[in-house]
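To keep things clear, I will list the structure first and then write my remarks on it.
Only the coordinates and a few stated rules stand behind these numbers; no lab work does. Note that the coordinates shown come from a computational prediction; the quantities given were computed from them, not determined experimentally. Don't worry about glycine lacking a Cβ; one is built from the backbone with ideal geometry, like all the others, and counts go over all protein chains shown.
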Amino acid sequence: MSDALSAPAALRQACRQDAFRRTTAGQCDGFVQANLMVVPAEAAFDFLLFCQRNPRPCPVIEVVEAGKVEPQSAPGADLRTDLPGYRVYRDGRLAEERADVVALWRDDLVSFLIGCSFSFEEALAEAGVPLRHVEACSNVPMYRTSVATAPAGRFRGPLVVSMRPIPAALVPLAVQVTGRFERVHGAPVHVGEPAALGIADLSRPDWGDPVEIRPGEIPVFWACGVTPQAAALASGLPFCITHAPGHMFVTDLANAALAR
């Protein structure tokens, strides 16, 4: 990554100019990354309640009022253009992927920025915990599980998790480090056997890219902010806009400010 893109505003501008269209993993060290969920105002309370009942996968960083596109966490930003990729869901189905959503924006749309595990990866790396997807310049693997979220209004669906292979001796350290970042998913929800989460094959993630698991490493699973997208599918939501998995909104908030 060039020095210019180490700053959140520069990365957002590159997205706006269609010059950055890849995963934000490993980008803008020190700054909070966020999942995006945009819903019509009529569904906003239900979704806020869904987040409240499911704080591990859906820790809310900010709610942007209906029709507004500039979040307080990133003055000057535009949520319609400043992510590397977007997904549009209609009637519980993925309808399209877009580079921006300017043409789809409406005055009744409420935006939610939800904490992302990319934000604690800097602390993991500083602690000496390897991150295979960052080393490979790929997206983190994400999986739909058999674990149900707590329903709220029209929203329901399975928990989604991200996975990182961790050397066995470093698993306690990874748990300790990430446990300090509750607003970006916190400590793992599961360590070890993927079948306990209903995951049949780690080489076939539902989102993101597969990563190598080497001898002596254990798969470690964190709650994931793609969970709202699974809820949009399961709930048949008529319309919503999200980030493309792994393609986050980078805020001006400092990761250190979120740590316990």
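What is the order of Asp108, Asp201, fewest Cβ neighbours within 10 Å to most?
Going from least to most buried by this count: Asp201, Asp108.
Counting only C-alpha contacts under 8 Å and six or more residues apart, can you give the relative contact order of the chain as a whole percent? Could you put the intermediate results ahead of the total?
Values: 611 pairs, mean separation 81.9, N = 260.
Reported relative contact order: 31 percent.
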Margin query: Past the 22 angstrom mark, what percentage of all C-alpha to C-alpha distances in the stretch 118-223 do you count?
Written below: 28
Next item on the list: For every other residue with a beta carbon closer than 14 angstrom to the beta carbon of Pro75, add +1 if it is Lys or Arg and -1 if Asp or Glu, then tell me the sum.
Entry: -3
Next item on the list: Step through the residues of the stretch 110-120 one at a time and calculate ³J(HN,Hα) from phi using the Karplus curve (6.51 cos²θ - 1.76 cosθ + 1.60, θ = phi - 60°), rounding each to whole Hz and writing x for Gly and Pro.
Entry: 10, 9, 10, 9, 10, x, 10, 5, 4, 5, 8
Next item on the list: Search the structure for amide H atoms under 5 Å from the amide H of His190, placed 1.01 Å from N in the peptide plane, and list their residues when 5 or more places away or on another chain.
Entry: Phe221
Next item on the list: Would you tally the net charge around Glu217, using a Cβ to Cβ cut-off of less than 11 Å, leaving Glu217 out, and scoring K and R as +1, D and E as -1?
Entry: +2
Next item on the list: Please identify, among Ala244, Ala25, Ala196, the residue showing maximal mean-square fluctuation in a Gaussian network model of the chain using a 10 angstrom Cα cutoff.
Entry: Ala196
Margin query: Within 15 Å, Cβ to Cβ, of Pro59, how many net charges do the neighbouring residues add up to if Lys/Arg are +1 and Asp/Glu are -1?
Written below: +3
Item checked: the chain - mean residue ellipticity at 222 nm from DSSP helices (-39,500 (n - 2.57) per run, n ≥ 4, rounded to 500) -> -5500 deg cm²/dmol
Check: Roughly how many whole Å is it from the C-alpha centroid of the stretch 156-174 to that of the stretch 1-76?
Finding: 22
Notebook entry, point to check: What whole-number value in cubic angstrom gives the convex hull volume per residue for the C-alpha atoms of the chain?
Noted result: 112
Check: How do 210-218, 173-181 rank on mean C-beta neighbours within 10 Å, highest first?
Finding: 173-181, 210-218
Item checked: Ratio of the Cα radius of gyration of the stretch 162-260 to 2.2 N^0.38 Å, where N counts its residues -> 1.21
